[in-house]
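Colleague: Can you keep this structure in mind? I'll have questions shortly.
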Amino acid sequence: MHHFKFRDGTLYCEDVSLPDIVKEFPTPFYLYSHRTLLDHFYRIRDAFQEIDPLICFSMKANSNLSVCKTLVNAGSGLDIVSGGELYKALKIGCPPSKIVYASVGKTEEEIKSAMRSEILLFNVESVPELIMIDSVAKRLRKKAKVAVRVNPDVKADTHDYITTGTKEKKFGIDLKQAEDIFDNANKYSNVELKGLHVHIGSQITEAQAFVGATKKVLDLLDKGNIEIEWLDLGGGFGIVYNEEKATTAQEFADSIIPLLKGRSFKVILEPGRFIAGNSGMLVTKVLYVKTGTTGKKFAIVDAGMNDLIRPSLYSAYHDIKPIVARRTETEKYDVVGPICESGDYLALGREMQELIAGEYLAVFGAGAYGFSMASNYNSRPRPAELMVIGEEIKVVREAEKYRDLIRGEKIPKEI
């Protein structure tokens, strides 16, 4: 469910038409629906209301200040994975008591900053990291609150690059080692072991893997007689990009809540894609339509893999439609960008209405891992981010200029 809809053949974001937006703002740009962000947050909150979880939006999915502020104002916390995300989280006024910090590679400086900010929890990914946190806390004369991230060796049905819960992956600590950490908690005198964390991947469309991982964690608690204050079940709830039959928030809740009834700990959820994915789109202009020697048609657009890398990186599918529907014969197109890579595409062999140079295409489902993974490859400025709030279009990040490409660069006088 999202608020990007066609009305009489014209695409609207909430109550603003895309043709009106492209008249005012040059492409490419990201466009977010404020109403959809809130709807998706409330959907998870309401589905899990029986256990009243702390919902921490995963900033790696979309760290735009206005996106995150929208959710924080609605009661969300934030799940961070870097010092930069901590900086942005504090900048928008997220209460530190609602910030949880994951990442397998936290630096000493990042740990210091988070500890001084008095965040809720570090999700610890290894014993050496736990030792580092204990050491930093001792020097700062603080007690660090941590949750141990366990790797339950549960395979989620998703792309291998975004599977995180199997023993072959770099994430988390195996169940036996996690039990040893709790048994020897006195070794870490400046750390308070407050919880367990589990996260098995992203874009998971069935509840079965979550159920399996949760059962393993609960079994660890029971067999090890471990008492915790927080159980962080991570995120990864999938969305519909194409023809997936994604499990709804309510269906996830109905599968997981029965396992948690009667438990004394509090629950944290870390959705990112579920909230932001279908809350945003990438809008791009057709520059040229080219017919190759084999008869294949290419729609060459002004957005490339530097703007949206998911199709090139994951072979990910994004629905693409012209912002104004016309009654024409359909043809197959490769929708490709201007980057000097054969892997620079947004769609391959896509059946669409006959495309013409100068028209605009909407790439749906780009609100998560879209701009947050964008780059300046080929020395291309990153695009603007816009948000529709009510009937108004707000610029929530200006498009970069060429001068932004050389900010911070210096040419030594010896050159």
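Colleague: Any chance you could check the Cα centroid distance between segment 114-146 and segment 1-63 for me, in angstrom?
Modeller: Centre-to-centre distance over Cα atoms comes out at 35 Å.
Colleague: Enumerate by residue number the GluC sites (Glu not before Pro) in segment 22-101 meeting two conditions: DSSP loop (anything except H, G, I, E, B), and at most 16 other Cβ atoms within 10 Å of the site's Cβ.
Modeller: Sparse-neighbourhood loop GluC sites (Glu not before Pro): Glu50.
Colleague: Per q in 0.17, 0.22, 0.26 1/Å, what log10 I(q)/I(0) does a Debye calculation on the alpha-carbon atoms of segment 89-130 return?
Modeller: The computed values of log10 I(q)/I(0) come out as -0.44, -0.71, -0.94.
Colleague: According to a simple spin-label model (label point 7 Å from Cα along Cα-to-Cβ), what is the distance in nm between Asn376 and Lys394?
Modeller: 2.7
Colleague: Sticking with this structure for a sec: Put a dot 7 Å past each Cα toward the Cβ at Gln49 and Lys290; how far apart are the dots in nm?
Modeller: 5.4
Colleague: With θ taken as phi - 60° and the coefficients 6.51, -1.76 and 1.60, list the Karplus ³J(HN,Hα) couplings across segment 349-364 in order, rounded to whole Hz; mark glycine and proline as x.
Modeller: In residue order, the calculated couplings are x, 8, 6, 8, 4, 4, 9, 10, 4, x, 8, 10, 10, 10, 9, 7 Hz.
Colleague: Here's something else I'd like to know. On full extension of the chain, what length is gained from Glu108 through Gln250, given 0.36 nm per residue of separation minus the C-alpha to C-alpha distance?
Modeller: 47.2 nm
Colleague: Relative contact order of the chain, please, whole-number percent, based on alpha carbon pairs below 8 angstrom and at least 6 residues apart.
Modeller: Values: 895 pairs, mean separation 79.1, N = 415.
For the chain, the relative contact order is 19 percent.
Colleague: Please give, to one decimal in nm, the separation of the simple spin-label points placed at Ser189 and Ser117, each 7 Å out from Cα toward the Cβ.
Modeller: Result: 2.9 nm between the two label points.
Colleague: Given segment 55-98, what whole percent of its Cα pairs are spread farther than 15 Å?
Modeller: 22
Colleague: Further question: Test of understanding: express the Cα radius of gyration of segment 350-415 as a ratio to 2.2 N^0.38 Å, with N the residue count.
Modeller: Working: Rg = 17.3 Å, N = 66, 2.2 N^0.38 = 10.8 Å.
Scaled against compact globular proteins, the figure is 1.60.
Colleague: For a test of the definition: using alpha carbon positions, the gyration tensor, and the 1.5 limit on a/c, classify the chain as rounded, prolate or oblate. Before the final figure, lay out the partial values.
Modeller: Working: a/c = 2.02, a/b = 1.65, b/c = 1.22.
The shape class here is prolate.
Colleague: For Leu405 and Ile356 in the same chain, what is the full-extension length gain: residue separation times 0.36 nm, less their Cα-Cα distance, in nm?
Modeller: Full-extension gain reported as 14.5 nm.
Colleague: Neighbour counts of other C-beta atoms within 10 Å: give me Thr214, Thr293 arranged from fewest to most. Don't jump to the answer; show the numbers that get you there.
Modeller: On the way: Thr214 21, Thr293 5.
Sorted ascending by nearby Cβ count, the order is Thr293, Thr214.
Colleague: If you average 1/r over every pair of different alpha-carbon atoms in segment 236-392 and take one over that average, what Kirkwood value in Å do you get?
Modeller: Over segment 236-392, the inverse of the mean reciprocal pair distance is 17.6 Å.
Colleague: Considering only the other residues whose Cβ falls under 11 Å of the Cβ of Asp134, what net charge follows from Lys and Arg at +1 and Asp and Glu at -1?
Modeller: +3
Colleague: Could you give me the percent of Cα pairs per 10 Å distance bin for segment 1-141, shortest bin first, beginning at zero and ending with the bin that holds the maximum distance?
Modeller: Calculated over all Cα pairs of segment 1-141, the distribution is 10, 32, 27, 18, 9, 3, 0 percent.
Colleague: Restricted to Cα positions, what overall size does segment 294-339 have along the principal axes? Three whole-Å values, descending.
Modeller: If we take the Cα atoms of segment 294-339, the spans are 32, 28, 19 Å.
Colleague: Give me the percent of Cα-Cα pairs in segment 34-272 that sit more than 33 Å apart, rounded to a whole number.
Modeller: Tail of P(r) above 33 Å: 12 percent of Cα pairs.
Colleague: Over 32 Å between Cα atoms: which of Lys60/Lys216; Lys98/Lys321; Lys106/Lys223 fall into that group? Present the calculation step by step, with values, prior to reporting the outcome.
Modeller: Working: Lys60/Lys216 26 Å; Lys98/Lys321 38 Å; Lys106/Lys223 30 Å.
Over 32 Å Cα-Cα: Lys98/Lys321.
Colleague: Starting from the amide H of Ala366, placed 1.01 Å from N in the peptide plane, find each other amide H under 5 Å away whose residue is 5 or more places distant or on another chain.
Modeller: Those lying under 5 Å, H to H, from Ala366 are Gly280, Met281, Leu282.
Colleague: Given segment 1-82, what whole percent of its Cα pairs are spread farther than 22 Å? Kindly include the intermediate steps, with their values, before the conclusion.
Modeller: Details: 1261 of 3321 pairs.
For segment 1-82, the share of Cα pairs beyond 22 Å comes to 38 percent.
Each value in this text was obtained by applying a stated rule to the coordinates, not by laboratory testing. In this text, all values refer to a predicted model and were calculated from it rather than measured experimentally. Backbone-built Cβ (ideal geometry, glycine too); neighbour counts: all protein chains shown.
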